[in-house]
Structure formats: structure tokens, C-alpha cells
Amino acid sequence: MAKQKETIFVCSNCGNEFFKWSGNCSGCGEWNSLREVKNLGGGKNKRGRRQTKKGLTEVVNLAKLNLDKSKNDVIFSSNIPEFDRVLGKGIVRGSVVLFSGEPGVGKSTLLTQLVGKIGGLYVAGEESVAQIRLRVKRLALDEKNFDILATNSIEEIEETLARVKNVYKIMVVDSIQVMVTSDVVGVPGAMSQLRGSTFKLVEMAKKLGVAIFIVGHVTKEGNIAGPKLLEHMVDTVMYFEGEKRGNLRILRVNKNRFGSTDEVGVFSMGEKGLRQIRSDEINLVSKEGGGPGQVVTVVIEGGRPMMVEVQALVTESYATIPRRGFVGIDHNRGQMLVAIAQKGLNLPLYKCDVFVSVMGGIRVTDTGVDLAVIGAIVSSYKNKEIEKGSVLVGEVSLVGEVRQVSGMEKREKEAKGLGRKMLAIKNIRELG
Ligand code: TYD
Ligand code: MG
């Protein structure tokens with residue numbers, strides 16, 4: 001048998017292992033990322049060995065499982081109804097939730113409020129204890145509910161949980177991007193570290209029954225490679241989104257092992273942190289009333305109808321390639337809708353800059369918004385308002401036909417309730 005090498009080279013970016021050093025990693029293509037480390041016998045073997053030391057894992061028959069123990073609140077409430085609803089019923093003991101969102105959107109704020117409501121351990125990797133205390137005070141939460149551990153080390157968390165007698169219901173790790181585990185090489189934020197740290201946190205959650213919320217930053221430009229890679233490792237993926245300048249925040253679930261993924265929670269960011277708001281309090285329509293380029297629609301996000309305003313600005317372009325900008329709708333869908341409008345309504349949009357924005361800072365995934373986007377574009381181009389007090393709803397096909405979307409009754413009711421009328425439009429030509 002070949003003698004095992006004493007050292008190997010590990011890529012600090014992707015975690016691939018090599019026997020020889022080279023300038024760039026053939027795994028991920030990163031340059032100068034290979035580091036020499038002691039060979040512990042390879043990842044898989046290492047894990048296998050650890051298991052035998054502990055003894056073999058037992059096979060459990062469900063009927064014989066001690067129910068008294070597991071019955072003990074498998075699911076518990078977060079004491080924030082909006083949060084519970086998004087998760088399904090509540091927080092599942094021993095589950096791992098990846099809580100992602102753009103920096104500054106309010107992830108730390110919401111999770112601080114969560115700990116404030118039920119008590120738990122807050123692992124502060126980005127902020128000092130004093131800073132967390134300031135936030136707790138500002139949010140008027142009970143300091144008694146907070147145990148703070150200011151560390152970047154996963155091993156320190158592990159030791160703390162083993163040492164502290166207090167069994168925590170929840171633990172927040174803020175954020176995964178600054179955590180490091182000595183199990184793998186690489187700087188904080190490197191893919192190998194993100195994965196290694198998450199793996200260890202998942203182990204802790206399952207072993208100790210503590211529900212862990214892992215904060216992961218994502219950026220608008222779609223640089224979600226980091227947290228995206230972790231999604232398959234966790235039970236639930238939550239996204240917190242909203243325009244930082246506005247105060248509306250939407251909580252979504254993208255993956256949920258314990259419930260559905262089509263609920264959303266709506267919050268408003270204020271002086272005293274995040275406050276849940278009811279759907280009838282959401283009105284994303286500008287008070288000044290309508291005008292050219294402004295169209296109101298009713299979208300359904302997470303089963304809730306919401307009235308929102310879509311605005312478009314169409315101007316003659318002086319650029320070689322006219323500009324397109326979309327806020328609140330998918331960029332590709334936006335491009336397609338501009339093309340549909342150009343062809344279907346015979347508008348020379350190829351020589352116009354087109355900007356479309358959904359007001360209030362929400363991201364609309366409902367295709368029922370299509371007609372309103374096209375309506376706003378036409379209205380801005382012609383500098384003519386679409387009928388006052390109207391609402392446009394419908395998905396638009398490539399040839400300009402308007403298709404009905406689900407929940408029309410709900411939408412109509414919402415529109416009527418706010419004193420607006422839904423226009424019956426079968427083809428976008430009728431907008432011309
Ligand atoms: P934060 O939770 O730190 O964002 P994240 O953890 O997602 O990066 O929130 C950042 C913003 O929220 C910050 O600009 C200040 C604002 N904020 C409020 O408006 N009200 C509050 O009560 C708090 C605590 C923060
Ligand atoms: Mg934060």
C-alpha cells in the first residue's frame with residue numbers, strides 16, 4: 001500500500017484537495033489559493049473515523065421512540081405571528097435557517113427582535129457586545145433574554161454550547177461570512193469556510209436541538225454564490241428584502257423542509273425596529289394620484305393581494321445602445337416586456353431609454369404585473385395618463401395577448417375596496 005503523504009494542498013477558496021502544489025486551483029480556477037496542510041486522511045475518512053470513535057449510530061424504530069421527550073414542543077412560536085406564518089407554524093427545534101438578505105436591509109434587527117421575544121444566544125461576529133446592547137436598548141427589548149457571544153470561531157461556539165448549562169431554544173449566528181472553523185483552511189468568507197462552518201453548525205443544531213439562524217449577506221448584483229451554496233445544507237432558507245430607502249420589508253421563504261414556501265411576511269422598518277403590518281395597511285400607491293407613466297396594479301405575493309404602483313420613464317435616447325433599468329421586477333422579464341410593447345404597439349422604443357420601477361421597494365414575482373408595466377411604458381411614451389382610478393392586471397404573452405392570472409376575484413376585491421376599477425383588456429393594442 002502506498003504510504004500516505006504527510007501534507008496535502010487545500011484550496012482556500014473551494015476546499016478541493018491536491019497532492020501537489022500548483023499556481024491555480026483546477027477545481028475553481030482561483031490563483032494562488034493552495035495552502036499546505038497536514039494530511040488528516042482526507043475529509044471522508046476523517047468523518048468516518050470520528051463516527052467509529054463514538055460508536056456506531058443506532059437504528060431507531062419510530063414506534064419505540066420516546067415520545068414524551070420529542071413531544072416537548074417540537075415546534076415553538078417565535079412570538080412574532082408574521083414570522084411564524086412565514087415558517088409554516090413556527091420554529092422547529094434543531095432546525096437550521098439560512099437568513100439571507102442584502103447588507104443593511106434589517107437582518108440583524110429582526111433577529112435581535114426574535115431573540116428578544118424568546119431568549120437565546122446571539123453570536124456576534126460583526127458587532128461588539130456594546131453595539132448589540134445599544135440595539136437591544138433601542139428596540140426596547142429585555143436584556144435578560146440576551147446571551148451574547150462575541151466571536152468568529154465556530155469551535156468557540158461549540159465549546160460554549162457544551163459548557164453553558166442553559167439549553168438555548170434558538171441561536172443566531174451573525175454572520176456566516178465572518179465565521180471560521182479550524183477544520184478547513186481559508187479566510188473567512190471563502191467558500192470552503194462558508195461550507196465548513198455551516199456544516200458544523202448544522203451538526204450542533206441536530207445534536208443539541210437548538211434552532212440556529214444563520215445570517216448570510218447577499219448582494220443585489222446577484223453575487224449570491226456564497227450563501228447560495230449553503231442552501232442545500234440547511235432546512236429552511238429565508239430571504240429578507242426591501243429597498244433600504246423605503247421602510248417596507250418583505251420576508252419570504254425559498255426553501256422549507258417543514259412547511260410551504262408561498263407565504264410572505266410584511267414588516268415596516270421604523271425607529272423602534274421592525275413592526276409587522278397587515279395587508280390592508282399596505283398601500284404602495286403614491287398619494288398625489290396618477291399621471292403619465294403611472295399605473296396601479298394588484299399583485300399577489302405569498303397569497304396576499306397588494307396594491308402597488310408601477311412607474312415608467314421613457315425618454316429619447318442619446319446613447320448608442322439605449323438604456324434599460326428595472327427596479328422591483330426581474331431584469332429579463334422587463335426587457336421582454338419592452339420588446340412586446342415595441343412590437344405590439346408599434347412604439348420606437350429601440351431609440352428610447354426605458355426605466356421601470358415598482359414603488360415601495362418591493363420585488364414583484366407575480367406575472368400579473370406585466371400589463372401594468374406595459375401600460376406605464378405606453379403612458380410615459382405618449383405622455384398621456386391611463387384612465388384615472390383604474391387598475392391593470394394581467395400576464396402578457398409574447399404576441400401581446402393578455403392572459404388571466406390566478407386570484408382575479410381577490411384582486412378585484414382589493415381594487416374595489418380601495419375605490420378603483422379593474423380595466424378589462426384582452427390585448428395590449430387596446431392601450432394604444
Ligand atoms: P441591520 O439590521 O443592521 O441590517 P443588516 O443586519 O441586514 O445588515 O439594519 C440596518 C439598518 O436599519 C440601519 O441602516 C439602521 C436601520 N434601523 C432602523 O431604522 N431602526 C431600528 O430600530 C434599527 C435597529 C435599525
Ligand atoms: Mg447585520
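The values are calculated or read from the model by the stated rules, or taken from the named source; none is laboratory data. Being a predicted model, the structure only gives us computed values, none of them experimental. Cβ sites come from the backbone with ideal geometry, for glycine too, and all protein chains shown count toward neighbours. Side chains are part of the model used for accessible areas, which takes the heavy atoms of the whole protein and leaves out ligands, DNA and RNA. Shrake-Rupley method; radii C 1.70, N 1.55, O 1.52, S 1.80 Å.
Taking 0.36 nm per residue of sequence separation and subtracting the Cα-Cα distance, how much length would be gained by fully extending the chain between SER268 and LYS421, in nm to one decimal?
Details: separation 153, 0.36 × 153 = 55.08 nm, distance 2.77 nm.
So the chain would gain 52.3 nm between SER268 and LYS421.
Quick check: at a probe of 1.4 Å, how many percent of the accessible area of the chain sits on carbon and sulfur atoms? Show your work: numbers first, answer last.
On the way: 11730 of 22650 Å².
Carbon-and-sulfur percentage of accessible area, whole number: 52.
When the chain is treated as a GNM, springs tying every alpha-carbon pair under 10 Å, which of GLY375, GLY27, GLY116 comes out with the largest mean-square fluctuation?
In the Gaussian network model the winner is GLY27.
Among LEU208, LEU134, LEU371, which one moves the most in a GNM of the chain with springs linking Cα atoms closer than 10 Å?
LEU134
FRET efficiency for GLU30 and ARG363, Cβ-Cβ distance as r, R0 = 41 Å, nearest 0.05?
Numbers: r = 32 Å, r/R0 = 0.77.
Given R0 = 41 Å and the Cβ-Cβ separation, E is 0.85.
Work out the FRET efficiency for ASP183 and ARG324 from their Cβ-Cβ distance, taking R0 = 60 Å, and round it to the nearest 0.05.
Given R0 = 60 Å and the Cβ-Cβ separation, E is 0.85.
Where does each of ASP183, ASP174 land when they are ordered by accessible area, with a 1.4 Å probe and the largest first? Write out the running numbers ahead of the final one.
Details: ASP183 60, ASP174 0 Å².
Result of the area sort, largest leading: ASP183, ASP174.
SER380 accessible area, nearest 10 Å², 1.4 Å probe?
Counting only protein heavy atoms, the figure is 20 Å².
Determine the alpha carbon to alpha carbon distance for each of LYS107/LYS244; LYS38/LYS207; LYS89/LYS117; LYS144/LYS169; LYS107/LYS206; LYS206/LYS255 and list only those over 20 Å. Mind showing how you got there, number by number?
Details: LYS107/LYS244 12 Å; LYS38/LYS207 28 Å; LYS89/LYS117 16 Å; LYS144/LYS169 15 Å; LYS107/LYS206 24 Å; LYS206/LYS255 18 Å.
Exceeds cut-off: LYS38/LYS207; LYS107/LYS206.
In the neighborhood of ASP353, defined by Cβ-to-Cβ distances under 14 Å, what is the net charge if each Lys or Arg adds +1 and each Asp or Glu adds -1? Could the numbers behind the result be given before it?
Details: positive: ARG323, ARG324, LYS351; negative: GLU316.
Here the charged neighbours net out to +2.
About its Cα centre, how strong a charge dipole does region 71-277 have in debye, to the nearest 20, once Lys and Arg get +1 and Asp and Glu get -1 at the Cβ?
Working: 28 positive and 24 negative charges, 99 e Å.
With Lys and Arg at +1 and Asp and Glu at -1, about 480 debye.
What figure in square angstrom, to the nearest 10, would you give for the accessible area of ARG275 with a 1.4 Å probe?
For ARG275, solvent-accessible area is about 130 Å².
Largest first, what is the accessible-area ranking of TRP21, TRP31 with a 1.4 Å probe?
Highest to lowest solvent-accessible surface, that is TRP31, TRP21.
Projected onto the charge dipole of the chain (+1 at Lys/Arg Cβ, -1 at Asp/Glu Cβ, origin at the Cα centre), which of PRO322, MET191, MET269 gives the Cα projection farthest towards the positive end?
MET191
Enumerate by residue number the GluC sites (Glu not before Pro) in region 232-283 meeting two conditions: DSSP loop (anything except H, G, I, E, B), and at most 15 other Cβ atoms within 10 Å of the site's Cβ.
Values: sites: GLU241, GLU243, GLU263, GLU271, GLU281; in loops: GLU243, GLU263, GLU271.
Passing both the DSSP loop test and the Cβ count: GLU271.
Ranking request for peptides 309-315, 5-11: highest mean number of other beta-carbon atoms within 10 Å first, then the rest in descending order. Don't skip to the answer; put the middle values down first.
Values: 309-315: 21.6, 5-11: 16.9.
Per-residue mean Cβ counts within 10 Å order the peptides as 309-315, 5-11.
Please get the size of the charge dipole for the chain, origin at its Cα centre, with Cβ charges of +1 on Lys and Arg and -1 on Asp and Glu, quoted in debye to the nearest 20.
Values: 63 positive and 48 negative charges, 198 e Å.
Result for the chain is approximately 960 debye, rounded to the nearest 20.
Among VAL215, VAL86, VAL74, which one shows the highest mean-square fluctuation when the chain is modelled as a Gaussian network with alpha-carbon springs under 10 Å?
VAL74
What whole-number distance in Å separates the alpha-carbon centres of region 297-344 and region 351-383?
So the separation of the two Cα centres works out to 4 Å.
State the answer as a single residue: which of GLY303, GLY361, GLY400 lies farthest towards the positive end of the charge dipole of region 294-431, with beta carbon charges of +1 for Lys and Arg and -1 for Asp and Glu, about the Cα centre.
With unit charges placed on the Cβ atoms, the residue in question is GLY400.
State the cysteines of the chain left without a partner when partners are defined as other cysteines whose beta carbon lies under 4.7 Å away.
Result for the chain is CYS352, no neighbouring Cys Cβ within the cutoff.
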